[in-house]
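> Provided herewith is a single structure, encoded as structure tokens, for subsequent inquiry.
The values are calculated or read from the model by the stated rules, or taken from the named source; none is laboratory data. Predicted model only: the values in this text are computed from it and were never measured. Please note: Cβ atoms are built from the backbone with ideal geometry, for glycine as well, and neighbour counts cover all protein chains shown.
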Amino acid sequence: MREYEVLKELVANISDWKTRQKMCHNKPFKACYLDVIISPLAPQFYSKQELGEVNNVHKLLSKLLNESETENTKSMRRKRSRKIKETQEDERMMEKNKKAKHEAPPPELATVFKNRIAELNGEDIKFLMHKTLFMSDLEQNNNRLSMPLSKFMCEFLTEAEKANLEERNGAKGRPQGLEVTVLDPNLREFSLQLKKWKMQSTHIYNLVKNWNNIVSANDFKKDQQLQIWSFRVHHNLYFLLC
């Protein structure tokens, strides 16, 4: 604020360019950005030659500003174009995966698993996905098997079950779970919960609650391949890992 008052006082004491020059102790004039701002408001502070120099600085600054805006526009265009290409590529990949799901026949379920499902009076058998086990699926503090929705080969939930998984409990809005039974590769039964989580831009189904017991009982390893199937016993949802 003090600097502003001092500047006002200095300007008030300048009547023309000669006075200004005396106050500057007759130092050589060198136009700057401040002169570009002041000159239109108080041209009497400058000689014709000085106004010419100020005008040259003004032109140079305008040129640099235009070049900067042009470069920013080009950069925004490039970013927009890149984003459109990425979106189109994602759409092509999704369409390709969708087409592959329809074209690829499901694997054959081994007889031993078919027999066990028959013993349970199971029906509506569906192959859901090939699952590669990651370290995140095996760490005890996680206690869950993740299954991205994009990897499922078919729909396996009823509309009521889907609505159930969309519901949230408590103040923190934790996802509500669906009670399911899971058969491991040795046909042992485990009670788990199926939950739906939102992860960034996608959704994931997770088998939780007693997943660590299945990992321990089967000594699952990182990068191990599993087939995940579903079936129903008296309308109750079962999963089969093999």
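> Pick out the one residue from 212, 206 that is of a type in the set (S, T, N, Q) and surrounded by fewer than 17 Cβ atoms within 10 Å (Cβ to Cβ).
Just one listed residue meets the conditions, 212.
> Out of 195, 209, which single residue is touching a Gly at 6+ places or on another chain (Cβ under 9 Å) and on the phi > 0 side of the Ramachandran plot?
From the options 195, 209, the qualifying one is 209.
> Let me ask something else about it. Where residues in the stretch 134-184 are touching a strand residue (DSSP E or B) at 6+ places or on another chain (Cβ under 6 Å), aliphatic (A, V, I, L, M) and modelled with pLDDT under 90, which of them is surrounded by the most Cβ atoms within 10 Å (Cβ to Cβ)?
If we take residues in the stretch 134-184 being touching a strand residue (DSSP E or B) at 6+ places or on another chain (Cβ under 6 Å), aliphatic (A, V, I, L, M) and modelled with pLDDT under 90, then 165 is surrounded by the most Cβ atoms within 10 Å (Cβ to Cβ).
> Does any residue of the stretch 151-160 turn out to be within 25 Å of the chain's Cα centre (by Cα), within 23 Å of residue 125 (Cα to Cα) and of a type in the set (Ser, Thr, Tyr)?
No, the stretch 151-160 has no match at all.
> Would you mind telling me which numbered condition in (1) modelled with pLDDT of 70 or more; (2) farther than 30 Å from residue 228 by Cα residue 112 fails?
The single condition residue 112 does not satisfy is (2).
> Examine the stretch 229-242 for a residue that is within 28 Å of the chain's Cα centre (by Cα) and buried (at least 16 other Cβ atoms within 10 Å of the Cβ), and state whether such a residue exists.
Scanning the stretch 229-242, I find no residue that is within 28 Å of the chain's Cα centre (by Cα) and buried (at least 16 other Cβ atoms within 10 Å of the Cβ), so the answer is no.
> Another question about this same structure. Taking the stretch 45-93, which residues are modelled with pLDDT under 75 and under 22 Å from residue 29 (Cβ atoms)?
Selection gives 45, 46, 54, 57.
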